[in-house]
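Here is the structure we will look at, set down as structure tokens.
The values are calculated or read from the model by the stated rules, or taken from the named source; none is laboratory data. This structure is a prediction, so every number in the text was calculated from the model and none was measured. FYI the Cβ positions are ideal-geometry reconstructions off the backbone, even for glycines, and counts take in every protein chain you see.
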Amino acid sequence: MSILLEQIQSLKFQLESVGELKKILASETFGHVDSEMIDMMFDQSKRFAEEKLIPLAESGDVEGCKLENGRVMLPGGTREVYQEWCELGFPALGLPLDNDGLGFPNVVQCAVQEILDGSNHAFGMMSINVRCAIKALLANAPEALVERWLPGLISGDNSFTIVISEPQAGSDVGRIRTSATPIDGDKWSITGSKIWISFGDHDATDQIVHLVLARVPSEEIGTRALGLFAIPKFKDDILDEEHRNGFNVSRLEHKMGLHASPTCVLELENAEGYLIGETGKGLQALFVMMNGMRLAVGIQGAATANMATLHAIAYAKERPQGGRPDQPPVMITEHADVKRMLLEMTAQSEMIRALALRTAAYLDLAEITGDSDILALGELLLPITKTVGAETGFAVASQGIQVLGGYGYTNDYPLERMARDIRVASIYEGTSGIQALDFLKRKVLGDDAALLNRLLEIVRNDIESTLDENPLKSGLTNAINSLESALASLQSMAAADKKSVDGGAYHFMNLSGLVVMHWLGLLLWHKADGSSDYHQRLRAALALASNGLEEKALYLASLSLQENSPHCF
């Protein structure tokens, strides 16, 4: 069985076990989607990944991107692959039916994204930009702009970028200096310098529309004076030099990984654009897109972790090494330490996938029901999904390199590239520290932990409904106790001094992630009936993961209570 086929089979199992797929497809909102359509999309994703994405991932990493005469040139073949990706309907996957889309739920989009990202992370970066920009366009843009650009996003004539960071204002968007001034009619003139812009320019599509955060004329300060603007590469969609907008790519960053994904420095000089949403509410207009991108980062981590695991298992099953010198060497799967590493990788990759799919499922269920409480549960999990997904992806890829030994450190196998590519995921779309502060101070303490307690109630109910022999049951119960104890202490600390909890925010988010991931692991163990090698390996891996769970929770709980360090730098 091929690695991609194994990946798809495990994805199908998880969609049924933790992704709430049956409930989602039974709804009126997604009733037009059935299992046959999903299977067809999986088959199409598999063929496209095998034939196009995997070869392009290797050549694109070696060739990289080039800046020639102010234009970014992608690795050879990228434009053709992207155009075929569009022809196959991937950009329309999650688009509403009313907008000529296929109307698939988030949870299925995430499963498809895992297949594509696991095969070619760099290529997936551009597809995520398009998918998430569509959300912002539909939610905030005037109908005329939607009608103008949406068809081209589906056909492959247009693509989108997200343009936020500046040299003096990375995540600190309140200090953005790029300015927007109203000109004729509904047009604005935007001037400033932007950095870290993924696919800020490229040759995969002719037209590129940039979603730019810029400062509007206002007496307000910080984020209250920001607007979101759509700025096309070519004015009036006329693709000639005379109509080129006020953009200049001054530099391509030289990076550790993602060599086939250009990261640009953009200079804007009186670039002509259109307001998306309201003046002064650019950050709010961006949020619908940012939430989608943070979920997508969690999927990137799950994709890397699961593919690294499958590559490591395939290698270990065929790599002879060790045993008696007078006997044929045994496969390294016979060695206890290799077994340990493979089972640890399996548990971590499966649990982080489960977390991403459950987060997506809550967002789907909220859309179906209109229930704001379900939406809040999904948004509560987003910073955990983004951060733990990114960090787990890197950790599992690193362990996969260890399984392969010297070969893992070479480019003979994709693991070293996967480790380089995923490393940045814990940095972009909000660093781990920023996600932790958002999680603890806004999402947990912001409502006096009512939402987190509701989630823990769901977890406790699932614990009670599972079989006593489930190996995660006891440790998970004790881990929840540690989480609740740490939470009570943090609430008391914050009541006295809100900033006193900042130093432990990252550890508290990881403690919460530990509980949530093992809750989903509990459900996966319960659903795995042992009828296949995959189910048996999954159960063994989750049982191993339960060892020391209580101690890990106690350790993270203690770190969560550390106050800010004294000034020493």
Worksheet item: Quick one: is residue 110 out of contact with any strand residue (DSSP E or B) (no Cβ under 8 Å at 6 or more places or on another chain) and buried (at least 22 other Cβ atoms within 10 Å of the Cβ)?
Response: yes
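Residues of segment 19-58 being of a type in the set (Gly, Ala, Ser), touching a residue at least 40 places away in the same chain (Cβ under 8 Å) and assigned to a helix (DSSP H, G or I), which ones?
If the condition is that a residue be of a type in the set (Gly, Ala, Ser), touching a residue at least 40 places away in the same chain (Cβ under 8 Å) and assigned to a helix (DSSP H, G or I), then 45, 49, 57 are the ones that fit.
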Item to complete: Filter segment 42-59 down to residues that are in contact with a helix residue (DSSP H, G or I) (Cβ under 6 Å, 6 or more places away or on another chain), buried (at least 19 other Cβ atoms within 10 Å of the Cβ) and not hydroxyl-bearing (Ser, Thr, Tyr) and give me whichever is farthest from residue 125 (Cα to Cα).
Response: 42
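Residues checked against (1) touching a residue at least 40 places away in the same chain (Cβ under 8 Å); (2) under 21 Å from residue 427 (Cβ atoms); (3) among the polar types (S, T, N, Q):
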| site | (1), (2), (3) |
| --- | --- |
| 168 | no, yes, yes |
| 184 | no, no, no |
| 196 | yes, yes, no |
| 207 | yes, no, yes |
| 215 | no, no, no |
| 235 | no, no, no |
| 240 | no, no, no |
| 247 | yes, no, no |
Worksheet item: What pairs come up if the first residue lies in segment 516-543 and is of a type in the set (S, T, N, Q), the second is assigned to a loop (DSSP other than H, G, I, E, B), and their beta carbons are under 6 Å apart, counting only those six or more places apart or on different chains?
Response: 536/530
Worksheet item: Would segment 442-455 turn up any residue that is among the basic types (Lys, Arg), under 24 Å from the mean Cα position of the chain (by Cα) and over 30 Å from residue 482 (Cα atoms)?
Response: no
Worksheet item: Would it be correct to say that residue 234 is in contact with a His (Cβ under 6 Å, 6 or more places away or on another chain) and either assigned by TED's automatic domain parsing to the domain that holds residue 185 or among the aliphatic types (A, V, I, L, M) (or both)?
Response: yes
Fill in: Candidates 70, 101, filtered to the one that is within 19 Å of residue 129 (Cα to Cα), surrounded by fewer than 22 Cβ atoms within 10 Å (Cβ to Cβ) and not acidic (Asp, Glu)
101
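Looking only at segment 116-128, count every residue that is of a type in the set (S, T, N, Q) and surrounded by 24 or more Cβ atoms within 10 Å (Cβ to Cβ) and tell me the total. Outline the logic, then answer.
Initially, segment 116-128 is screened for residues of a type in the set (S, T, N, Q), giving 119-120, 127.
Narrowing further to those that are surrounded by 24 or more Cβ atoms within 10 Å (Cβ to Cβ): 119-120.
Qualifying residue count for the region: 2.
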Worksheet item: Looking at (1) touching a residue at least 24 places away in the same chain (Cβ under 8 Å); (2) exposed (fewer than 15 other Cβ atoms within 10 Å of the Cβ), which is the one condition that is false for residue 144?
Response: (1)
Practice prompt. Find the residue count for segment 441-468, including only residues that are part of a helix (DSSP H, G or I), among the aliphatic types (A, V, I, L, M) and exposed (fewer than 15 other Cβ atoms within 10 Å of the Cβ).
Written response: 2
Worksheet item: Taking segment 469-482 as the search range and keeping residues that are of a type in the set (A, V, I, L, M) and in a helix (DSSP H, G or I), which one is nearest to residue 538 (Cα to Cα)?
Response: 476
Worksheet item: When you go through 553, 528 one by one, which is the residue that is more than 24 Å from the chain's Cα centre (by Cα) and surrounded by fewer than 23 Cβ atoms within 10 Å (Cβ to Cβ)?
Response: 528
Worksheet, complete the sentence: residue 226 passes all but one of the listed conditions (1) touching a strand residue (DSSP E or B) at 6+ places or on another chain (Cβ under 8 Å); (2) closer than 30 Å to residue 80 by Cβ; (3) free of Cβ contacts under 8 Å to residues at least 60 places away in the same chain; the exception is number (2)
Practice prompt. All but one of (1) in a helix (DSSP H, G or I); (2) under 21 Å from residue 358 (Cβ atoms) hold for residue 501, so report the exception by its number.
Written response: (2)
Response to the item:
residue 343: passes all of (1) outside any helix (DSSP H, G or I); (2) within 25 Å of the chain's Cα centre (by Cα) but (1)
Worksheet entry | Wholly enclosed helices (runs of 4 or more DSSP H) of segment 59-150 bearing at least 3 residues within 15 Å of the chain's Cα centre (by Cα) | 106-119, 121-140
Worksheet item: How many residues are touching a residue at least 60 places away in the same chain (Cβ under 8 Å) and part of a helix (DSSP H, G or I) if we restrict to segment 420-440?
Response: 14
Fill in: First in segment 322-347 and at positive phi, second anywhere and among the hydroxyl-bearing types (Ser, Thr, Tyr), Cβ under 8 Å, 6 or more apart
none
